[in-house]
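Comments concern the structure below.
The values are calculated or read from the model by the stated rules, or taken from the named source; none is laboratory data. For clarity, every value in this text was computed on a predicted model and none was experimentally measured. FYI the Cβ positions are ideal-geometry reconstructions off the backbone, even for glycines, and counts take in every protein chain you see.
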Amino acid sequence: MTTAKEAGRPASRRWRRPAVDRPAAFWLLAVPPTAWLAVFFLAPVALAILFSFRPDMRGSLFAAWTPSLNQYASLFATASYWRLLGVSAGMALITAACATVLAYPVAYFLTFNAGRRASLYLLLLLVPFWTSYMLRVMAWKFLLGSEGVINSFLSYAGLVDKPLALLIYSRPAVVITLIYVWIPFVTLPILAALQRVDPALFEAAADLGASPARVFTRITLPLSLPGVLAAFFMVFIPTVGEYVTPLLVGGTRGIMYGNIVQDFFTKAANWPFGSAMALVMLAATLALVALALRLVDVRRWLE
């Protein structure tokens, strides 16, 4: 609506909304991330698919070869790889579940109880991101080691006679370290989901006599469930193929499927078999995610 002051100005001096070339703006914003995704994600996946049908590594990298299913046949015939994939999926499931459960109260506190200090607490939550991932994992190696803080305290308190071997170079050590690493990441999508909940719903529920527990189970949790599921799968999907953390704190007893894939690409220099293993892991992970989304009906929780 034009004000009286604006009406008295010449038409040439009135403010006009700048003309925006929508197609040009769309391409300017869409092309760079699309190109980045194509070069650094789609192209490597396409190369992995291509190499998985290569019978061997004889000849140059891009030499002519006849497509073959030998790599997949060898993989499906080796039961130990499938057992390791199942163990890795189980470890990823435990890690994702524990990290999500532990991160939810943090996100809840930042949203509803932190008040003006929420930004400060969120900054403190993100402080670990300023440190190298390797350093954070190595810190847990010193904490869980035979002469680390935990074993030293247990020995000093007289609770154990000798250091607990379970705490280091084992699968529990890998799970504990991964939970610690993922909690700050998991908190963010849950925090975003909780911040979208309308506070008026809590007031209406309180006026109707609902207890805090009932408000949480009937309002807060259902409305934040999409963020919870997003956080869960954000942890589960990459953890299935994790190899850095098992390498540092898992040892030979904490090895995961991703470590075998890495060995075939580096130590064995068998890229075709490593590509086949990676693609099978990707397909199995996506199948588990699709099954979980089919079993967990988000719309039922939102009703």
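Tell me which helices (runs of 4 or more DSSP H) are completely within the range 165-247 and hold 1 or more residues being under 25 Å from L126 (Cα atoms) and in contact (Cβ under 8 Å) with a residue 24 or more places away in the chain, or say none if there are none.
Details: elements: 171-195, 199-207, 212-215, 221-240.
The qualifying helices (runs of 4 or more DSSP H) are 171-195, 221-240.
Rundown of residues vs (1) surrounded by fewer than 20 Cβ atoms within 10 Å (Cβ to Cβ); (2) out of contact with any strand residue (DSSP E or B) (no Cβ under 9 Å at 6 or more places or on another chain); (3) not polar (S, T, N, Q), yes/no style:
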site: L166; (1), (2), (3): yes, yes, yes
site: T177; (1), (2), (3): no, yes, no
site: L191; (1), (2), (3): no, yes, yes
site: A200; (1), (2), (3): yes, yes, yes
site: A205; (1), (2), (3): yes, yes, yes
site: P226; (1), (2), (3): yes, yes, yes
site: G254; (1), (2), (3): no, yes, yes
site: F273; (1), (2), (3): no, yes, yes
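Restricting attention to the range 153-164 and to residues that are of a type outside the set (A, V, I, L, M) and surrounded by 14 or more Cβ atoms within 10 Å (Cβ to Cβ), the residue that is farthest from the chain's Cα centre (by Cα) turns out to be S155.
Contact map, the range 141-153: residues that are more than 16 Å from I176 (Cβ to Cβ) paired with residues that are assigned to a helix (DSSP H, G or I) and of a type outside the set (G, A, S), Cβ distance under 9 Å, separation 6+ or inter-chain. No pairs are found.
Considered as a group, the residues in the range 90-131 that are modelled with pLDDT under 90 and of a type in the set (V, I, T) include one that is farthest from V174 (Cα to Cα), and that residue is V127. Considering L135, L120, L126, the condition of being under 30 Å from G227 (Cα atoms), touching a residue at least 24 places away in the same chain (Cβ under 8 Å) and surrounded by fewer than 16 Cβ atoms within 10 Å (Cβ to Cβ) is satisfied by L126 alone. Checked against (1) part of a loop (DSSP other than H, G, I, E, B); (2) within 27 Å of G227 (Cβ to Cβ), L159 passes all but a single condition, namely (2). Within the range 51-63, does at least one residue satisfy the condition of being hydroxyl-bearing (S, T, Y), closer than 19 Å to A269 by Cα and in a helix (DSSP H, G or I)? Within the range 51-63, one or more residues are hydroxyl-bearing (S, T, Y), closer than 19 Å to A269 by Cα and in a helix (DSSP H, G or I). Can you spot a residue in the range 72-94 that is closer than 24 Å to I255 by Cβ, touching a Pro at 6+ places or on another chain (Cβ under 6 Å) and surrounded by 13 or more Cβ atoms within 10 Å (Cβ to Cβ)? Among the residues of the range 72-94, not one is closer than 24 Å to I255 by Cβ, touching a Pro at 6+ places or on another chain (Cβ under 6 Å) and surrounded by 13 or more Cβ atoms within 10 Å (Cβ to Cβ), which makes the answer no.
Have a look at A92, A43, A73 and point out the one that is more than 13 Å from W271 (Cβ to Cβ), in contact with a Ser or Thr (Cβ under 7 Å, 6 or more places away or on another chain) and assigned to a helix (DSSP H, G or I). Walk me through it before giving the result.
Values: A43 fails: in contact with a Ser or Thr (Cβ under 7 Å, 6 or more places away or on another chain); A73 fails: in contact with a Ser or Thr (Cβ under 7 Å, 6 or more places away or on another chain).
Just one listed residue meets the conditions, A92.
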